[in-house]
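Input: a single structure, listed below in structure tokens.
The values are calculated or read from the model by the stated rules, or taken from the named source; none is laboratory data. Predicted, not measured: the structure shown is a model, and the values here were computed from it. Note that each Cβ is placed from the backbone with ideal geometry, even for glycine, and that neighbours are counted across all protein chains shown.
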Amino acid sequence: MTEVNQAAFSSQYVGMEGNAIGGGGGGRGEAEDWKYHAAEFAKGVAEMSVEFGRGVRDVVKQSLLTKDSYFMRNIGEPCVKFCERLRFLNEYLPEDRDPVHSWSVILFVAVVALAALCISTGHDTTTTLVKRLYIHPPSARRILLPDGRHLAYQEQGVSADRARFSMISAHPFLSSRLAGIPGVKTSLLEEFGIRLVTYDLPGFGESDPHPNRNLQSSALDMLQLSYAVNVTEKFWVLGYSGGSMHAWAALRYIPDRVAGALMVAPVINPYEPSMTKKEISRIWENWTSQRKLMYMLARRFPSSLAFLYRRSFLSGNHGQIDKWLSLSVGKRDGALIEEPTFERFWQRDVEESVRQRNVKPFVEEAVLQVSDWGFRLSDLKIQKKRQGKGILHWLKSMYSQAEEELTGFLGPIHIWQGMDDKVVPPSMIDFVQRVIPGAMVHKLLYDGHFTYFYFCNECHKQIFTTLFGNPQGPLPDEVEDQTPIKIGQENDADEEEEEEDTLGDTARD
């Protein structure tokens, strides 16, 4: 036995000596041995980690996740309630997906993406020129409302006493009274005899905020403004994009004062209960994921909008319109917003909109669009007034000769909608046509959200011609009779006045 071990030891020693003498062959053997040992060590560490994780999981289940544990008694129930509130998110998953697995993967990917974004922005070495927002000195006219608030407004076109048609407009989101009809020429307004009055919504521009505003209070503000600026006849309401919900409110709450409605790319509540599932799907599929998220936050978690708005258009810096509003624009819209004229107009309008640096009005405006309006668009449909129920009402209708009354908005509603609009999908207007069949819709085949309404004199003229017919100019001035008097007549008149004065003096004597 000893001899065998000695022989084995001798052969091993000789092999080691040979490796030492051979040099290169021995180096490759040692490298292979190192790789083998490293791989085995890594496998061992992985197996130990898996076993350790399983052990931790078992300990957590046995000590923390039991019904009687401190954790479940104090934290488990609030977590269950919170998860129940988020259960509506499962509607966005396909039917064959497990919510627990899917949302865990989504959360992990979101964390990784956010970390990558932070790293990329942190190591960004490019320098870009950032234009600061400039707050201009106050310049608006203001009226005092019955509740003590001030409302800022702007007038364009002809004066009140010479206006054939008066038009009042509320501005869309992230805008101000300066918007009105962007780029409309004063000469065109005078040609049609139009007086255009635009105003700042509460908390925007130079208007005071409203403590509890809604669409009904918005319509009443418009009514008070019309009286204050001496609009004695019925006026037209103008609604563009997000500002159209205030025009819809005017048709609902002050219809007796409204002559008609001009709508351009009007929005509706994307959660309108009258919409079918197919209509909802057609509307939502056209929006970017960011825009869908903003609508969801406005409806479910409105307080989160304040943080997002402060980091974007309330940060004090100018930014791109598509990023601020989460828009996806078509080719023609994209080319328009890159033009210097549009950029100057947009930046000045934004500066006026955010002059108070108050985030609350913007959150209110976003929430108004996706919450209950207090009415449905179908309420504006012209229809017979519903009679009361019962035998007495039936007998009254049999023997009464009174004409049937109509409800809804009785004036004209004109809507211009671009078929390439990525902000207000054309499918929204299809829904409006269904619930308000009397509305006259003008579909623009190649236009988007901005191209037909911004800086297009020919477009503005087409709109006014459709609404008011051929231009007739402003109303003539009311002047007194200025019939010329001949010189001879003047002398005779002077002599008669002298004779009357002489007779009067004689009578007094």
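Has segment 214-236 got any residue that is assigned by TED's automatic domain parsing to the domain that holds Ile413, within 22 Å of the chain's Cα centre (by Cα), of a type in the set (Gly, Ala, Ser) and more than 22 Å from Arg149 (Cα to Cα)?
no
On the basis of being surrounded by 15 or more Cβ atoms within 10 Å (Cβ to Cβ), under 24 Å from Ser218 (Cβ atoms) and at pLDDT 95 or above, does Leu368 make the cut? Lay out the reasoning, then the answer.
Details: surrounded by 15 or more Cβ atoms within 10 Å (Cβ to Cβ): yes; under 24 Å from Ser218 (Cβ atoms): yes; at pLDDT 95 or above: yes.
Here the answer is yes, as Leu368 does meet what is asked.
Looking only at segment 321-361, how many residues end up being touching a helix residue (DSSP H, G or I) at 6+ places or on another chain (Cβ under 9 Å) and in a loop (DSSP other than H, G, I, E, B)?
The number of residues fulfilling the criteria is 7.
Just to be sure before I move on: is Gly193 in contact with a Leu (Cβ under 6 Å, 6 or more places away or on another chain) and on the phi > 0 side of the Ramachandran plot in the structure I sent?
For Gly193, the condition - in contact with a Leu (Cβ under 6 Å, 6 or more places away or on another chain) and on the phi > 0 side of the Ramachandran plot - is not met.
Yes/no per residue for (1) closer than 26 Å to Phe235 by Cβ; (2) in a loop (DSSP other than H, G, I, E, B); (3) modelled with pLDDT of 95 or more; (4) among the aliphatic types (A, V, I, L, M):
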| position | (1), (2), (3), (4) |
| --- | --- |
| Phe431 | no, no, yes, no |
| Pro476 | yes, yes, no, no |
| Gln482 | no, yes, no, no |
| Ile485 | no, yes, no, yes |
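Working only within segment 243-286, note down all residues that are aromatic (Phe, Trp, Tyr) and either over 27 Å from Cys83 (Cα atoms) or at pLDDT 95 or above (or both).
Trp248, Tyr253
Only one of His246, His136 is out of contact with any strand residue (DSSP E or B) (no Cβ under 9 Å at 6 or more places or on another chain) and within 22 Å of Asp349 (Cα to Cα). Can you tell me which?
His136
Could we say that Ala298 is outside any helix (DSSP H, G or I) and surrounded by 15 or more Cβ atoms within 10 Å (Cβ to Cβ) here?
Considered against the rule, which asks whether it is outside any helix (DSSP H, G or I) and surrounded by 15 or more Cβ atoms within 10 Å (Cβ to Cβ), Ala298 comes out as no.
Every residue in segment 411-440 that is surrounded by fewer than 19 Cβ atoms within 10 Å (Cβ to Cβ), hydrophobic (A, V, I, L, M, F, W, C) and either more than 19 Å from Ala259 (Cβ to Cβ) or not assigned by TED's automatic domain parsing to the domain that holds Ser175 (or both), please.
Selection gives Met419, Val435.
Residue by residue, here is whether (1) surrounded by 14 or more Cβ atoms within 10 Å (Cβ to Cβ); (2) modelled with pLDDT of 95 or more; (3) on the phi > 0 side of the Ramachandran plot; (4) under 19 Å from the mean Cα position of the chain (by Cα) holds:
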site	(1), (2), (3), (4)
Lys331	no, no, no, no
Gly334	yes, no, no, yes
Glu338	no, no, no, no
Pro361	yes, yes, no, yes
Glu364	yes, yes, no, yes
Ile382	no, no, no, no
